[in-house]
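Student: Structure provided below as structure tokens; questions to follow.
The values are calculated or read from the model by the stated rules, or taken from the named source; none is laboratory data. Only a predicted model underlies this, so the values are computations on that prediction, with no experimental measurement involved. Cβ placement follows ideal geometry from the backbone for every residue including glycine, while neighbour counts extend to all protein chains displayed. Remember, those area values only see protein heavy atoms, side chains included, never the ligands or the DNA or RNA. Shrake-Rupley method; radii C 1.70, N 1.55, O 1.52, S 1.80 Å.
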Amino acid sequence: MAGEEATTSSGTTLERTPTWAVATVVFVLILISIFIEHMLHLLAKYFNKKRRKSLIQALDKIKSELMLLGFISLLLTVTEKQIANICIPKNVGESFLPCSDYSNDSEEEAKCEEQGKVSLLSRQGVRELQYLIFVLAFFHCLSSVLTFSLGMAKMRRWESWEAETRTLEYQFSNDPRRFQLIHQTSFARRHLRFWSEHRFLRWPACFLRQFYASVSKVDYFTLRHGFITAHFAEGSNFDFQKYIKRALEKDFGVVVGISLWIWIFSMFFIFFNAHGFHNYLWLPFIPLLMLLLVGTQLQGIITKMCLDSHEKSQVVRGTFLVRPSDHFFWFGWPKLLLHIMHFILFQNSFQLAFFTWTWYKFGFRSCFHRKTEDIVIRVAMGVLVQILCGYVTLPLYALVTQMGTSMKKAVFPETVVEGLNRWRANARKNVAVRNNTSPWPSLETSPSFGTSLSFSPDASYSVKYEQPISNSDQYLPVEIQEIQDEGKESISRETEEHQKGASFGGFDVRNVNNEKHDY
């Protein structure tokens with residue numbers, strides 16, 4: 001009877017399972033995997049057709065994260081016996097338990113039982129941990145997609161605002177030949193209040209402002225005007241809304257990833273789920289408090305830009321002008337806000353995943369969630385952070401973080417980047433061919449010509465004038481002297497054309513940020 005009970009409890013092995021049953025289950029799993037892979041391939045093909053390179057990179061990052069979590073799950077499966085054979089003292093194994101009433105119903109490894117110890121993590125615990133990894137991967141991807149979908153839906157109205165900037169009415173009201181006092185502008189009336197210059201009053205006002213009209217039309221127009229004035233030629237028809245959309249798609253590729261420091265904080269989250277910490281009273285509120293702090297800071301940046309312009313001039317020419325600068329942001333680092341939002345979204349999705357996992361594996365009223373207020377707080381905070389981040393904070397972040405000192409690489413549309421890359425490759429190829437076939441030094445490699453032309457789509461456009469031609473150069477042979485003169489005239493004409501047209505559609509690409517992505 002004992003042997004029968006052991007066999008029943010352990011389950012039927014593959015030795016006593018029909019081969020058709022094994023083949024059927026494997027075939028269904030393969031079909032599901034092929035279907036998911038095909039859907040991801042179609043999605044990547046659609047993004048490629050729409051020239052959404054940033055979303056393709058984000059999709060690749062999602063695949064890599066899923067592969068990483070799948071490898072962790074596979075590693076747990078392979079090493080579950082070795083992990084269960086790691087023995088620890090009973091008093092250590094019974095500390096920091098998630099439940100107050102400890103009861104061990106699982107079978108301990110014989111090796112640890114003989115030593116009077118318990119397993120570090122039982123085989124059953126390893127299997128349950130695999131479920132948690134799967135649920136976490138699903139919730140992280142779902143949370144990121146939902147957040148950015150809500151943000152994009154909120155920013156859809158910006159398309160009509162951008163179209164309004166091309167109307168005659170807008171151009172007339174913002175005519176640079178018109179002058180007005182700074183307090184007569186709509187932007188100043190919105191931000192220059194009695195509380196603006198007092199820090200302790202400005203923070204509560206900015207905190208409340210993020211909940212209603214977090215991004216108004218006048219804020220969009222003013223920040224757009226300041227951005228274009230700082231980086232582009234005057235009168236440029238640059239599409240600011242599409243630029244924000246491309247920049248946000250690049251940021252999405254950062255948010256869907258999971259970095260090392262994110263994993264470290266997740267381990268702390270698991271640790272503080274032990275009984276006695278009463279984590280449901282404070283842990284679910286951390287993402288919400290951080291999100292409200294970020295929203296308050298973003299609103300405060302707009303107000304501080306208004307105060308900065310007000311201190312420098314009392315008269316406005318055309319429309320209110322704000323001056324983008326990194327010093328408005330925390331530690332002079334605009335990208336810090338992106339990493340904070342990344343942390344907020346992951347921790348919120350982790351808490352929702354943990355709640356779903358415990359509900360599925362241990363029941364709705366398990367020892368993890370015995371109190372009703374525990375369930376209400378966790379679910380309410382998770383949903384609130386998800387909606388608030390996607391519909392309120394994300395659009396505000398997308399607009400304000402463009403007001404740094406430098407532009408992002410997303411200023412170039414994908415078609416322009418591809419064209420520049422092709423032009424650069426062809427130019428290098430032509431130079432290499434000319435160097436191999438021409439008996440004279442080329443313009444790019446000869447140090448005696450005194451000029452060098454360099455361009456990269458990831459860097460600023462520059463024409464560098466090096467050391468002046470020495471007196472000995474005037475005694476060069478006639479053929480080389482003619483090549484030198486033609487090279488000088490050609491570079492001079494190209495430089496003048498780029499300066500007149502401000503290069504590539506009316507904006508000065510010398511201001512393009514040559515930042516290094518640390519994704």
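Student: Carbon and sulfur together cover what percent of the accessible area of the range 137-229 at a 1.4 Å probe radius?
Tutor: 63
Student: Shape call for the range 242-373 from the C-alpha gyration tensor, a ≥ b ≥ c root eigenvalues: rounded (a/c under 1.5), prolate (a/b greater than b/c) or oblate?
Tutor: Prolate shape, in that a/c is at least 1.5 and a/b is the bigger ratio.
Student: For the pair A233/E197, report the inter-label distance in nm, with labels modelled 7 Å from Cα in the Cβ direction.
Tutor: Each label point lies 7 Å from its Cα, and together they span 4.1 nm.
Student: Follow-up question, since we're still on this one. Using per-residue counts of other Cβ atoms within 10 Å, averaged over each peptide, order 224-231, 267-274, 168-175, 280-287 from highest down.
Tutor: Packing proxy ranking, top to bottom: 224-231, 280-287, 267-274, 168-175.
Student: Oh, and also: Please work out how much length the chain gains when fully extended from R51 to L293, using 0.36 nm per residue of separation minus the C-alpha to C-alpha distance, in nm with one decimal.
Tutor: Gain on extension, R51 to L293, equals 83.6 nm.
Student: When you count, for each residue, the other Cβ atoms within 10 Å and take the mean per peptide, how do 60-73, 139-152, 25-38 rank with the highest first?
Tutor: Highest to lowest by the protection proxy: 139-152, 60-73, 25-38.
Student: Just order 426-435, 402-411 by mean Cβ neighbour count inside 10 Å, highest at the front, would you?
Tutor: So the peptides 426-435, 402-411, ranked by packing, come out 402-411, 426-435.
Student: Also, I was wondering about something else. Would you calculate the separation in nanometres between label points at H183 and T415, each defined as 7 Å from the Cα along the Cα-to-beta-carbon direction?
Tutor: 4.8
Student: Still on this structure, I have one more. Rounded to the nearest whole Å², what accessible area per residue is found for the range 97-226 with the 1.4 Å probe?
Tutor: On a per-residue basis, 60 Å².
Student: Something else: Which percent of the accessible area of the range 329-435 is formed by carbon and sulfur heavy atoms (probe 1.4 angstrom)?
Tutor: Ligands and nucleic acids excluded, carbon and sulfur give 66 percent.
Student: Let me ask something else. Rounded to whole Å, give me the distance from the Cα center of the range 201-243 to that of the range 114-181.
Tutor: Each part's Cα centre sits 20 Å from the other's.
Student: Nearest 0.05, what FRET efficiency do L146 and K63 give at R0 = 25 Å with Cβ-Cβ as r?
Tutor: So, using R0 = 25 Å, E works out to roughly 0.85.
Student: Given R₀ = 35 Å, what would the calculated FRET efficiency be for N85 paired with S366, taking r from the Cβ atoms and rounding to 0.05?
Tutor: For N85 and S366, the calculated efficiency is 0.80.
Student: Further question: Suppose the chain between V22 and Y170 were pulled fully straight at 0.36 nm per residue; how much longer would it get relative to their current alpha carbon spacing?
Tutor: Here the segment from V22 to Y170 would lengthen by 46.3 nm.
Student: Taking amide H positions as placed in the peptide plane 1.01 Å from N, state which residues far from V118 in sequence (5 or more) or on other chains have amide H under 5 Å from it.
Tutor: Residues meeting the amide H criterion: I88, K90.
Student: Taking R0 as 22 Å, what FRET efficiency do you get between Y131 and C99 from their Cβ-Cβ distance, rounded to the nearest 0.05?
Tutor: Given R0 = 22 Å and the Cβ-Cβ separation, E is 0.80.
Student: Just grab the label-to-label distance for Q115 and S160, each label 7 Å out from Cα along the Cβ direction, in nm (one decimal).
Tutor: Once both label points are built, they end up 7.0 nm from each other.
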